Amino acid sequence: MSMDWPAMTPEQAPPLGNGVVHAWWCAGGAEAVVQRRRYLDALLQRLLGGYVDEDPATLVLGREPRGRPFLSDANGKRRSPDFNLSDCAGHSLVVVSRTLRVGVDVERTNRRLRHRELAQRYFAPDEAVAINALDDAAGKLQFLRLWTAKEAACKATGTGLGGHMHRWAFAINDGIPTLIDMPDEAGSADDWRFLTLTPPDDGFLATIALRGNFERLCCFRLASEVS
Ligand SMILES: CC(C)(COP(=O)(O)OP(=O)(O)OC[C@H]1O[C@@H](n2cnc3c(N)ncnc32)[C@H](O)[C@@H]1OP(=O)(O)O)[C@@H](O)C(=O)NCCC(=O)NCCS
């Protein structure tokens, strides 16, 4: 999906209505691991503060049992909006929605990978066969579309990847992942939408998984510094 990514601060973003999803592309430098964790928490607080109209520094982030972060109240209970983050090569994509459950994955398109072997290991048999039949460039692109769709699905549900990726099966139609099989506990395919995005910096591919009634996606580049 090709989109405009206007530069924006959280305060300038349009209201996040029901069914609307906001995606924020944040170019934040590649700090060392410890500082990166601190940076990502500050980034989430900065973005979410705009949606709840509160001082970002006062926002509390909780974690589900398998690590999925959520916005918490003082008693540790989840509060709106739902969000998810993917961090890749010094860039982050954060997806936010009030009414949908969201998951996101970003990957570099120029990374070296043995896409046929990985597909054989982690994907459903039909997907691996389809990828194996493509030439290197097309197979790698297809692999990344499927990988990001599966990872985004696992991140929306919060299961984590281990033992779950192959439970999500897709066909790719005109470059768009179409869900054809999924875990029982994830409801029905009609509940889900998958959007493949091209971030505004070169060399990245992202997929967003959405559970709920989707109306519209708005994409922004974060214009302000995070400290
Ligand atoms: C997190 C995970 C889903 C993807 O990791 P990745 O591809 O390396 O990284 P991404 O940048 O796309 O996503 C990382 C971010 O996703 C979010 N995240 C972490 N766990 C998550 C989960 N279970 N579901 C959804 N999102 C999650 C966090 O914001 C995390 O950033 P952080 O490392 O600063 O906390 C993967 O590492 C995983 O499967 N974790 C689960 C571990 C698990 O099952 N633990 C059980 C412990 S009992």
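Please label the shape of the range 93-227 as rounded, prolate or oblate, based on the square roots a ≥ b ≥ c of the eigenvalues of the alpha-carbon gyration tensor (a/c under 1.5 means rounded; beyond that, a/b larger than b/c means prolate, else oblate). It is oblate, given that a/c is not under 1.5 and a/b is not larger than b/c. With θ taken as phi - 60° and the Karplus curve 6.51 cos²θ - 1.76 cosθ + 1.60 applied, the whole-hertz 3J(HN,Hα) list for the range 163-169 is x, 10, 4, 5, 6, 9, 10 Hz, x standing for glycine and proline.
Working note: 222 nm ellipticity from helices only, DSSP H runs with n ≥ 4, each -39,500 (n - 2.57), summed and divided by the residues of the chain, gives -8500 deg cm²/dmol to the nearest 500.
When you filter the trypsin sites (Lys or Arg not before Pro) in the range 12-82 for DSSP loop state and at most 16 other Cβ atoms inside 10 Å of their Cβ, you are left with R66, K77, R79. Largest GNM mean-square fluctuation among P200, P15, P177, using the chain with Cα springs under 10 Å: P15.
Helix 136-157 and the longest principal axis of the C-alpha atoms of the chain enclose an angle of approximately 50°. Compared with the dominant principal axis of the Cα atoms in the chain, helix 33-52 is inclined by about 70°.
Using the Cβ-Cβ distance between I176 and L118 with R0 set to 22 Å, the FRET efficiency from 1/(1 + (r/R0)^6) comes to roughly 0.55.
Computed extension gain for D55 through A42, at 0.36 nm per residue and net of the alpha carbon distance, reaches 3.5 nm.
Residues considered: T58, T157, T148. Largest GNM mean-square fluctuation over the chain, using C-alpha springs under 10 Å, is found at T58. For the range 81-97, putting each phi into the Karplus relation 6.51 cos²θ - 1.76 cosθ + 1.60 with θ = phi - 60° gives couplings of x, 7, 8, 8, 10, 10, 10, 8, 6, x, 10, 10, 10, 10, 10, 9, 8 Hz, in residue order, rounded to whole numbers and with x for Gly and Pro. Does the chain come out rounded, prolate or oblate by the C-alpha gyration tensor, with a ≥ b ≥ c the root eigenvalues, rounded set by a/c under 1.5 and, if not, prolate when a/b is larger than b/c and oblate if not? Here the chain falls in the prolate category.
Where a number appears in this text, it was derived from the coordinates with a stated rule and is not lab data. Predicted model, so just to flag it, every value in this text is computed and none were measured. A quick note on method: Cβ atoms are made from the backbone with ideal geometry, for glycine too, and the neighbour counts reach across all protein chains shown.
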